[in-house]
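Any read-out appearing in this document is the output of simple, stated calculations on the displayed coordinates, not a laboratory observation. Note that the coordinates shown come from a computational prediction; the quantities given were computed from them, not determined experimentally. Ideal geometry is used to build each Cβ from the backbone, glycine not excepted, and the neighbour counts take in all protein chains shown.
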Amino acid sequence: MHSELRFYEGIRDSGIVASITYGKSRVIFDFGAPFNPMTQPYDGQVERRNKAWVRDAIRLGQIPPVDGVFSARDLGPDSTIQPYEESDLTTGIIISHLHLDHMSGIGMVHPEIPVYMHRDAHKLQGLLDQIGESVGDRSYSPIDLYEPFWIGDIKVTAYFSDHPCAGAVGYLIEPPDGKYYYSGDVRMHGCNLDRVLEDLEKIAREKVDVLIMETTTFSPWMFARSGDEELKASLEIPSDMLTEGQMMDWVLADLQPSDQLGIFNIYHRDMGLLRHLIRIAERTGREIVFEPKTAYVVMNMLGYTPHIYIPDNREYEDRSVPYFREVLERTPGIVTQEEICAAPGRYLLQNSYENILELFDLPSKGAKYYHLYGVPLVRGTREYENMKRILDWVGVEYTTFANLYCFNHAYPNNLLYMAEKIAARNLIGVHSSAPEKLVTPVSRQVLPEKGVVYRLVNGELVQAE
């Protein structure tokens with residue numbers, strides 16, 4: 001019997017969904033949708049249909065038509081997709097991290113299929129459910145690094161990844177006939193390089209048969225890289241690019257001499273950036289102030305109880321909502337608009353895109369505004385251009401790094417270093433428009449096609465006939 005690998009999403013885009021099957025055992029790794037903000041059908045006016053949620057998602061290409069995953073009720077009587085109730089496979093889903101392109105479809109999966117994620121991600125997902133960022137009403141199973149668990153006959157072990165989202169991991173997936181390693185999203189320019197290198201050694205010792213590695217920064221449109229330096233495996237940072245530490249040092253140096261308001265826009269699934277900003281506020285003698293949703297995440301994930309600012313948003317009118325009530329009970333204080341206007345240099349204030357109009361009534365002219373992987377991220381989208389227009393109107397000093405000087409994914413030469421270190425017999429690049437660029441002298445490159453089954457035969461991945 002041979003294990004079988006199949007990709008449903010992620011070959012030449014984001015939104016990884018893939019499976020490894022051995023006999024009647026199946027591991028699906030990640031269950032997200034491609035990140036395509038330019039073609040998003042739900043544009044803020046189109047409403048999601050509740051009863052047809054799953055069927056519409058399949059039609060719109062937001063989730064792939066995987067057999068044995070969705071309930072018969074959600075698929076409807078005319079579906080050609082096999083429902084969960086008719087599948088004889090023992091299936092489990094493993095999530096690498098909580099960015100939506102890796103797990104946005106998990107709420108559509110039949111509730112009896114177990115979904116595994118690292119303990120930190122499990123905790124964060126529970127908090128996100130409370131603040132209205134749920135991907136569906138279902139349960140999850142927490143796991144720990146280096147502690148194997150089984151999905152049928154397939155052994156699974158999580159390893160550390162320095163992607164900034166809480167609980168980010170890669171997975172060693174071991175059916176009886178071989179070893180696969182799925183990297184999840186990775187970095188080598190974060191603040192945990194020692195841990196990355198330590199786990200890289202551990203994975204290399206496993207003698208992996210198939211390495212499935214993200215290659216996001218090989219996509220030309222995703223990675224602005226100047227210079228024509230030769231692309232080769234190394235730990236170096238490409239010219240004109242920054243480490244996460246250097247990026248935050250720049251923010252510190254820029255904010256420290258200013259007597260104006262500091263403003264930041266972040267993605268509150270990324271704990272590393274939140275920790276950095278708390279330290280920057282402390283070092284500049286400012287009070288860091290969060291919106292209630294992010295404050296709830298910070299309090300429970302980082303053990304830090306910040307001051308809050310309550311935007312003029314209908315969502316915050318009902319103070320009996322459990323998460324909001326907890327934030328109000330625990331915060332050391334609510335910072336008002338009047339207090340910020342009276343002493344803007346005392347504060348480092350969160351301002352999310354949904355509350356951007358708050359800037360009209362704050363001392364925004366000349367304020368330092370740091371767009372740090374917050375929404376909206378992608379240039380050219382309607383939301384991004386709208387954000388820039390408003391920031392121009394209020395007169396802030398706008399700074400951004402994402403996709404210009406620093407990135408949440410490993411740079412190409414770092415990806416090559418990791419791939420050469422693991423030295424798998426078969427190498428597959430995913431999560432990119434140019435996976436063919438991931439080439440090393442120590443591995444056989446495989447460029448799979450979506451939906452095609454590949455078997456591991458004597459350590460070599462071959463297309464099934």
ask   = Can you give the extra length, in nm with one decimal, that the chain gains between GLU282 and LYS365 once fully stretched, where that is 0.36 nm per residue apart less the Cα-Cα distance?
value = 27.5 nm
key: Calculated FRET value between ASP259 and THR336, using beta carbons and R₀ = 25 Å, to 0.05   = 0.80
Long-range HN-HN contacts of VAL453 with modeled amide H, under 5 Å = ALA464
ask   = Ranked highest first by average number of other Cβ atoms within 10 Å, how do 167-175, 145-153 line up?
value = 167-175, 145-153
request  = Would you mind calculating the gained length between GLU465 and ARG48 on full extension (0.36 nm times residue separation, minus the Cα-Cα distance), in nm to one decimal?
outcome  = 146.1 nm
query = When the chain is fully extended, how far beyond the present Cα-Cα distance does ARG59 get from GLU317, taking 0.36 nm per residue of separation?
reply = 89.2 nm
task = Return the FRET efficiency for the residue pair ILE237, TYR304: r is the Cβ-Cβ distance, R0 is 25 Å, and the value is rounded to the nearest 0.05.
result = 0.25
request  = Using the Karplus curve 6.51 cos²θ - 1.76 cosθ + 1.60 with θ = phi - 60°, work out ³J(HN,Hα) for each residue of region 374-386 in order, rounded to whole Hz, and write x for Gly and Pro.
outcome  = x, 7, x, 9, 9, 4, x, 6, 4, 5, 5, 5, 5
task = Would you please put 248-256, 101-109, 363-371, 330-338 in order of how densely packed they are, using the mean number of other Cβ atoms within 10 angstrom per residue and starting with the highest?
result = 101-109, 363-371, 248-256, 330-338
ask   = Between their Cα atoms, which of LYS123/LYS437; LYS207/LYS437; LYS51/LYS388; LYS293/LYS388 are more than 30 Å away from each other?
value = LYS123/LYS437; LYS51/LYS388
Distant-in-sequence amide H partners of VAL430 (H built 1.01 Å from N, under 5 Å) = MET213, GLU214, THR215
key: In sequence order, calculated HN-Hα J values of region 121-138 (Karplus, 6.51, -1.76, 1.60; Hz; x Gly/Pro)   = 5, 4, 5, 4, 4, x, 5, 4, 4, 5, 9, x, 10, 6, 9, x, 8, 7
note = Phi-derived 3J(HN,Hα) across region 318-330 with the Karplus relation (6.51, -1.76, 1.60, θ = phi - 60°), rounded Hz, x for Gly and Pro, is 9, 7, 8, 4, x, 5, 5, 4, 5, 4, 5, 6, 9
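Suppose a student asked you for the relative contact order of the chain, using Cα pairs under 8 Å spaced at least 6 residues apart; what percent would you report?
Computed value for the chain: 19 percent relative contact order.
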